[in-house]
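Engineer: The structure is given below, and queries will be raised subsequently.
Coordinate-derived values only; no laboratory data. All figures in this text were calculated on a predicted structure; none of them were measured in a lab.
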Amino acid sequence: MNIRPIHTEDDYEWALSEVSLYFENEPEIGTPDADRFDVLSDLIAAYEARNLPLPAVDPIDALKAFMESAGKSQSDLAELFGSRSRASEVLNLKRALTLEMVHKLNRRWGVPAELLIAPYALAA
């Protein structure tokens, strides 16, 4: 299978180049190439988690980005939170997300809770 651990930046670059070959010619599930793609992808993800941590993201910026990518509107958020004013206050940094709000965002919309629980400053 010609797979090796990823210990260095060179190993990482090698793995990225190997896995990118499968992007244009996706292997059929259950084939040795599909297995190789899965193993390389897992190795890359593990290396990135250890060595390339994601920068801290402001929870409200993360929520806005999620809403944009998912096609959700402020009205959708208002429906989720039960109030238009509450949704507006959260998005405009006038009110902090509560644990209940984070739970709803996670359970109903699939927003990762860990993106929403970091401390952030409210507007003055």
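Engineer: Using the eigenvalues of the Cα gyration tensor, what equivalent ellipsoid semi-axes result for region 12-60 when each is taken as the square root of five times the eigenvalue, whole Å, largest first?
Structural biologist: On the way: eigenvalues 139, 30, 20 Å².
Square roots of five times the eigenvalues give 26, 12, 10 Å.
Engineer: Taking the Cα centroid of region 93-124 and of region 1-79, what is the distance between the two, rounded to the nearest whole Å?
Structural biologist: 24 Å
Engineer: With N residues in the chain, what two-decimal value do you get for its Cα radius of gyration over 2.2 N^0.38 Å?
Structural biologist: 1.45
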